[in-house]
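Encoded as structure tokens, the structure appears first; notes follow it.
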Amino acid sequence: DGVERDYAKAVELYRKACGMGSGLGCHDLGAMYRAGQGVAQDIAKANDLDRKACGMGFGIGCYNLGVVYENGQGVAKDFMKAVGLYRKACAMSTGSGCTGLGKMYASGNGVTQDAAEGVKFLRKGCDMNDSLGCNDLAGKYNSGHGVNQDAAQAVELWRKSCDMGAGIACVNLGV
């Protein structure tokens, strides 16, 4: 590409964008803190920046914060907070948020377990081109969990997911 990566410069530009009200800038700055690229790794700071991005209406920030609470990354695990954040991300048309919410309904973490509701949100994530939403929805069609079993539909969804770059879906097609 001819341009050398300069993480310190990227941090400077993301910080400027975040200060100007860019949710994407805050999210990207948070990603640098999470990975320790151009700055010392600081998970708490990364979480704060995703919180800020979410508050600015940037759905991926809400989704990332949902993952943080679901897995207890720098915060106490809190499935109910994760559900709320996934729901917010989904409402912002962030497919991964819908997928996260669907998985919470399927598992019963933070909500009453409801397989059909899980399928509804996985479908919504897949319709928003979230590759893992399509993969997980295919699994539901394959097993008949929350939806009528339909192997042909499962294969079609795994194909879509694989074409979008989800390696696990490519594996599922080969099994």
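The values are calculated or read from the model by the stated rules, or taken from the named source; none is laboratory data. Note that the structure is predicted; figures quoted are calculated from it, not measured. Because the Cβ atoms are built from the backbone with ideal geometry, glycine has one as well, and the counts that use them run over all protein chains shown. Areas reflect the complete protein model, heavy atoms only, side chains present, ligands, DNA and RNA absent. Shrake-Rupley method; radii C 1.70, N 1.55, O 1.52, S 1.80 Å.
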Flagged as over-length at 20 Å C-alpha distance, from LYS45/LYS77; LYS16/LYS77; LYS52/LYS124; LYS77/LYS124, the pairs are LYS16/LYS77; LYS52/LYS124; LYS77/LYS124
Summing +1 per Lys or Arg and -1 per Asp or Glu among the other residues with Cβ less than 9 Å from ASN109's Cβ gives 0
One point scatterer per Cα, no solvent, Debye formula: log10 I(q)/I(0) for the range 55-97 at q = 0.17, 0.20, 0.28 Å⁻¹ comes out as -0.36, -0.48, -0.85
For the chain, the percent of accessible surface on carbon and sulfur atoms (probe 1.4 angstrom, ligands and nucleic acids excluded) is 50 percent
Protection proxy (average C-beta count within 10 Å per residue), highest first, orders 11-22, 102-113, 27-38 as 27-38, 102-113, 11-22
With 0.36 nm assigned to each residue of separation and the Cα-Cα distance removed, GLN153 to LEU173 gains 6.0 nm
Order by accessible surface, 1.4 Å probe, largest leading, for residues GLU4, GLU117 comes to GLU4, GLU117
Regression test value, accessible area per residue of the chain, probe 1.4 Å, units Å², expected 51 Å²
Here Rg/Rh (Cα, Kirkwood) for the chain equals 1.04
Treating every alpha carbon of the range 1-73 as one equal point scatterer without solvent, the Debye formula yields log10 I(q)/I(0) values at q = 0.13, 0.24 Å⁻¹ of -0.35, -0.99
Note to self: C-alpha centroids of the range 139-168 and the range 65-119 sit apart, in Å, by 21 Å
Within the range 68-103, the residues whose backbone N lies under 16 Å from a label point placed 7 Å from the Cα of HIS145 along the Cα-to-Cβ direction are 99-103
Output row, site VAL67, 7 Å Cα→C-beta label point, backbone N cut-off 13 Å, window the range 132-148, residues 132-133
For the pair ALA44 and ASP127, the simple spin-label estimate (label points 7 Å beyond Cα toward Cβ) gives in nm 4.2 nm
Out of ALA46, ALA76, ALA89, a Gaussian network model of the chain with alpha-carbon springs under 10 Å gives the largest mean-square fluctuation to ALA76
